[in-house]
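Reading through the structure tokens given below for one structure.
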Amino acid sequence: MIEKLKFRDAKLASRIVNKIRGTVENERTIKICHVCGTHEYTITHYGIRTLLPSNVEVIAGPGCPVCIVPASEVDEAVELAKRDIVVTCFGDVLRVPGSEMSLLDAKAQGADVRVVYSLTDAIKMAQAEENKEFVFFAVGFETTSPSTAFEIANKPPENLSFLVSHRLIPPAMKLLAEMEDLGLDGFIAPGHVSTIIGLKPYEVFPKTYRIPTIIAGFEPIDILMSVYMILRQQKRHAPKLENEYMRAVHPEGNMKAQELMNRAFDVIDSNWRGLGTIPTSRFLLKGEYRSCDANLKYGVKIERGIDIQQGCKCHLVVVGKTKPTDCPLFMKRCTPENPIGACMVSNEGTCRIWARITIPYSLPASPI
Amino acid sequence: MCLAIPAKIMTKNGNLAQVDFGEAVLREVNVSLVEAKVGDYVLVHAGYAIQVLDEQEALETLRLWNEILQAEA
């Protein structure tokens, strides 16, 4: 399907870039924010920023769930691992810094920490080793939360409980929209979160905040097209919500997944690493699923941790106020091999992506 | 982490399906979050299909792009 539609077609890209250049009339900076690590990967990997006029800036918001999990929740996972409980997690969660150590550090000290590709793997492990206690550290946005909700609603093994750190994207976007010093002119909304939540949660952005909002796919043409759609709306002074990723995002989203999330979770205010408390932004297991709640089962609750290490600029990188290359630690003390800040850990973290792909940020626009 | 990869459902057995990610990569995934049948393309995220990809909508995207690019900004 992808080949058929040429989502990476150079001629089409060139045509869109010409339209973009023709739409930007003056030198006013136009700031567009995306909130998805996979979008940042596409943008950086394909050098999209180098194709845009110099006054059209695309910044990365808090679109990496691994980057915004606060240290206190990593500390809870580490604490459980130290108590001879098998902690399972996705690969990119392993090295997220806690206040004192990551899960990888705990593993190095002898704790049983296991990487899984899917929650299904953790369930299989718990079933196979009934004499051990297992915890799944459930990190992720709305894309990931339905699988946790599904398994919790379907009676997981009794020796498996959950440290639920799932967070919701629209409340974080609201925080960005309200940051006056950020001054956003457009949102590229996360395509895969949207496959679950649909269009409705984004309506507030054009309506209340007058910010053009485009739900976008992950191919380079998707990104270029959504930038053009935002610029077109800006020119017409007519902000609205548009769905560029209609091959995967249905207006109503995935109703089955939404129903499962509603059944399993309450929504509470919560701390995001580097951003502080965001209202109604985290899932908490509902009362009837208390037996699956690792915090309650093991009486582990850590209120505060050290989210940002000295010198680290993750709290500014995560809202696009600072580029990774402007952080004094970037690729000096903080590297993919030895991350100091959470943004350097996951393949979806802005610093990690910039570290791997060394396209200079401010190349002159190419003459296509 | 919200990476999702398109794959084609080859066989299905209850909640589980064998999907083909292309280039001979086959894997068992959970398809209980979607209404999908053998032959459908689904987006797979961390071992669970989260949405069915719609070929008609994909073709419609191409038409829409052309329409947008032909119109005045």
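Within the stretch A:78-101, the set of residues being more than 18 Å from A:ASP293 (Cα to Cα), β-branched (Val, Ile, Thr) and part of a helix (DSSP H, G or I) comprises just one member, A:VAL93. Residues that are more than 10 Å from chain B (Cβ to nearest Cβ) and aromatic (Phe, Trp, Tyr) within the stretch A:226-260 are absent altogether. The lone criterion from (1) within 19 Å of B:CYS2 (Cβ to Cβ); (2) touching a Leu at 6+ places or on another chain (Cβ under 8 Å); (3) crowded, with 23+ Cβ neighbours inside 10 Å left unmet by A:ALA81 is number (1). Kindly indicate whether A:ASN347 is within 22 Å of A:ARG95 (Cβ to Cβ), within 14 Å of chain B (Cβ to nearest Cβ) and in a loop (DSSP other than H, G, I, E, B). Taking the combined requirement at face value, the residue satisfies it.
The set of residues in the stretch A:39-61 that are within 14 Å of another protein chain (Cβ to nearest Cβ) and either out of contact with any strand residue (DSSP E or B) (no Cβ under 8 Å at 6 or more places or on another chain) or under 30 Å from A:ALA111 (Cα atoms) (or both) comprises A:TYR41, A:THR42, A:HIS45, A:PRO53. Taken over the stretch B:21-46, the criterion of being more than 13 Å from chain A (Cβ to nearest Cβ) and in a strand (DSSP E or B) is satisfied by B:LEU26 alone.
Evaluating B:MET10 against the criteria (1) touching a residue at least 40 places away in the same chain (Cβ under 8 Å); (2) in contact with an Asp or Glu (Cβ under 6 Å, 6 or more places away or on another chain) leaves one unmet condition, (1). When A:SER281 is tested against (1) buried (at least 22 other Cβ atoms within 10 Å of the Cβ); (2) under 21 Å from the mean Cα position of the chain (by Cα); (3) part of a helix (DSSP H, G or I), exactly one condition is not met: (3).
Determine whether the stretch A:150-157 contains at least one residue that is more than 30 Å from A:VAL227 (Cβ to Cβ) and away from chain B (no Cβ under 14 Å). Within the stretch A:150-157, one or more residues are more than 30 Å from A:VAL227 (Cβ to Cβ) and away from chain B (no Cβ under 14 Å).
Computed from the coordinates by the stated procedures, all read-outs in this text should not be read as laboratory data. Being a predicted model, the structure only gives us computed values, none of them experimental. Cβ: placed from backbone, ideal geometry, glycine included. Neighbour counts: every protein chain shown.
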